[in-house]
Amino acid sequence: MKPRDIKTTDLRVTRTIPASPERVYDVWLDHTSPGGPWHGAKKVIIDLAVDGLFYHAMDWEGRTWSHYGRFLALERGKKIEHTWMSPATLGLETVVSITLAKKGDDTVITIDHRGVPDDDMGRHHAQGWTWIAEAMADAVKKR
Amino acid sequence: MTAAAQSVFLAISDPTRRAILDQLAHGPTRVTDVAAPFSMSLNAVSKHVKVLERAGLVRRARQGREHVLSLDAAPLREVARYCSRFERYWNERLDRLEDFFAKEKRK
């Protein structure tokens, strides 16, 4: 059950990748591939099957994040879906859906991450313009 | 980052413009009243207001001879989303995936 005081939100990011959906699918799930999202993890445990569980520990933004989840859908070249819990989800079981769509020789990859805590927005409201200006400076630095 | 988000970032990067937005957060305000607290000319304040209007953060309405400004905070939503930890995380993963295949194609 969702704790009553945690506001949640959904987010979507999308990108066109110069490869076929099948190649993108294979690289995404291969934690030994430099193109995969879990490459460089300190430790990876993964059971690549529907209802299979995974764990990976990633260093990111100055700390180690443990991620846990369960695969809900694995359709090569089409879809990867899994639950996702980490310290950043504040105990909530969020859901990540990755859909792959062929577009010519490329693949449009869309990541929908549903039910994530809306804490950044909370910080925005609590600390106002100072916070958002600092976040802006970080974002501009990264460009 | 979209062009719209970039214009919002540019608009809120200046302390005078953030102070103007803080004023307008209390409600619609005449241009002359917006300019009053600042030790700069009305013309200089108007230039800052124009940057905010271009970013879609401020709307202007004419009431008789007066121009009244009001805040439209909707564009900040996109900026806040961009700053979201999760969105940064996934975008970094997609950067890595895109780089991987771009390098593979160049080989």
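Remarks
- Of the residues contained in the range B:66-85, one or more are found to be within 12 Å of another protein chain (Cβ to nearest Cβ), assigned to a helix (DSSP H, G or I) and more than 15 Å from the chain's Cα centre (by Cα).
- Residues that are farther than 30 Å from residue A:65 by Cβ and surrounded by 15 or more Cβ atoms within 10 Å (Cβ to Cβ) do not occur anywhere in the range B:77-95.
- Test: residue in the range A:5-14 that is in a strand (DSSP E or B), over 30 Å from residue A:105 (Cα atoms) and more than 10 Å from chain B (Cβ to nearest Cβ): yes
- The number of residues in the range B:1-24 being loosely packed, with under 12 Cβ neighbours inside 10 Å and touching a residue at least 24 places away in the same chain (Cβ under 8 Å) comes to 1.
- On inspection, residue A:14 qualifies as farther than 22 Å from residue A:65 by Cα, open to solvent by 20 Å² or more (accessible area, probe 1.4 Å) and at pLDDT below 90.
- Top-ranked residue in the range A:75-96 [being part of a strand (DSSP E or B) and among the charged types (D, E, K, R); ranked as surrounded by the fewest Cβ atoms within 10 Å (Cβ to Cβ)]: A:75
- Search result, residues across the range A:21-74 that are within 14 Å of chain B (Cβ to nearest Cβ), modelled with pLDDT of 95 or more and exposed (fewer than 15 other Cβ atoms within 10 Å of the Cβ): A:22
- Flag for residue A:110 being of a type outside the set (A, V, I, L, M, F, W, C), over 21 Å from residue A:9 (Cα atoms), modelled with pLDDT under 95 and not in a loop (DSSP other than H, G, I, E, B): no
- A single member of B:53, B:92, B:98 is over 30 Å from residue A:96 (Cβ atoms) and out of contact with any helix residue (DSSP H, G or I) (no Cβ under 7 Å at 6 or more places or on another chain), and it is B:53.
The values are calculated or read from the model by the stated rules, or taken from the named source; none is laboratory data. Everything numeric here is computed off the predicted structure, so don't read it as measured data. FYI the Cβ positions are ideal-geometry reconstructions off the backbone, even for glycines, and counts take in every protein chain you see. For accessibility, only protein heavy atoms count, side chains too; no ligands or nucleic acids. Shrake-Rupley method; radii C 1.70, N 1.55, O 1.52, S 1.80 Å.
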